[in-house]
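The values are calculated or read from the model by the stated rules, or taken from the named source; none is laboratory data. Keep in mind that what you see is a predicted model, and the values were worked out from it rather than measured. Glycine gets a Cβ as well: all are built from the backbone with ideal geometry, and neighbour counts include every protein chain shown. Just the protein is used for accessible areas: all its heavy atoms, side chains included, with ligands, DNA and RNA removed. Shrake-Rupley method; radii C 1.70, N 1.55, O 1.52, S 1.80 Å.
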Amino acid sequence: TVEKLENDPRIDKVGLSLHGTDNAGYILNDDLTVKSGIGITVGNNNLFEMLVKCKYQGRLPQNDSEIIINKDILEKYFPDAALGRTITFFVPDRKSEDGEDASISFNNKNTVKYTVVGIMEKNYPAECLRMASDSEIAKCLKEKNAVVSFTLKSLSFKSSRELNDIAKEYK
């Protein structure tokens, strides 16, 4: 389906975001309670080009160990961080099925580290963006839990109808 969308003459760009991966990083207090959960959008370069709608320093991520992050989050939670520096998020041991923070635990103190390659000026479509690896994309496409976003080649008063036609055609 993704290949068909990419070759559809009505569609300009197709981006993939991944679900089923850990799409949040947590900043913890000293007692291992959640200070903040930061949504990390995991996707491909086309998705980044669609979501980053602000000025930014640096560049977009080029691999799965790099991140671009909103300046206000960086200043609030990682005050010593800058371009080229590494930031660390905690990864929960387990989460509840309904997504409630109350049942998240961090007993194993698992962490994930990202190099800051870009700093965004209030990019509201996404707080943080991380590049998906080829294996992550392949796994999500195989498991049918990737989300496809796309832009049309042209916009007009017929765009709404065109979007509905595309949705019906590709289910």
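Just a few scattered comments:
- When each of the peptides 38-44, 109-115 is scored by how many other beta carbons lie within 10 Å of its residues on average, the order from highest to lowest is 38-44, 109-115.
- Degrees separating the helix 159-170 axis from the principal Cα axis of the chain, which is the longest one: 80 degrees
- ³J(HN,Hα), Karplus 6.51/-1.76/1.60, whole Hz, each residue of the range 47-58, x for Gly, Pro: 4, 4, 5, 7, 8, 7, 10, 9, 6, 8, 8, x
- Listed by chain and number, the lysines whose alpha-carbon sits under 16 Å from that of Lys122, ignoring those within fewer than 8 places in the same chain, are Lys53, Lys55, Lys71, Lys76.
- Averaged over its residues, the chain has an accessible area of 60 Å² per residue, based on protein heavy atoms and a 1.4 Å probe.
- Principal-axis tilt of helix 134-143 within the chain, Cα atoms, nearest 10 degrees: 70 degrees
- In terms of distances greater than 18 angstrom between alpha carbons, the cross-link table entries Lys109/Lys139; Lys35/Lys109; Lys4/Lys171; Lys4/Lys142; Lys13/Lys153 yield Lys109/Lys139.
- Estimated 222 nm signal from helices in the chain, with DSSP H stretches of n ≥ 4 weighted -39500 (n - 2.57), rounded to 500: -6500 deg cm²/dmol
- Here the Karplus curve 6.51 cos²θ - 1.76 cosθ + 1.60, taken at θ = phi - 60°, turns the phi angles of the range 84-91 into couplings of x, 8, 9, 10, 10, 10, 8, 10 Hz, with x standing for Gly and Pro.
- Built amide H within the under 5 Å cut-off of Thr111, gap 5+: Val91
- The HN-Hα couplings worked out from phi for the range 117-127 by the Karplus form 6.51 cos²θ - 1.76 cosθ + 1.60 (θ = phi - 60°) are 10, x, 10, 8, 9, 6, 8, 5, x, 7, 6 Hz, whole numbers, x standing for Gly and Pro.
- Dipole magnitude (debye, nearest 20) for the chain, charges at Cβ of Lys, Arg, Asp, Glu: 500 debye
- Amide hydrogen neighbours beyond the local backbone of Lys13, cut-off 5 Å, H modeled: Thr151
- Within the accessible area of the chain (1.4 Å probe), percent carbon and sulfur: 47 percent
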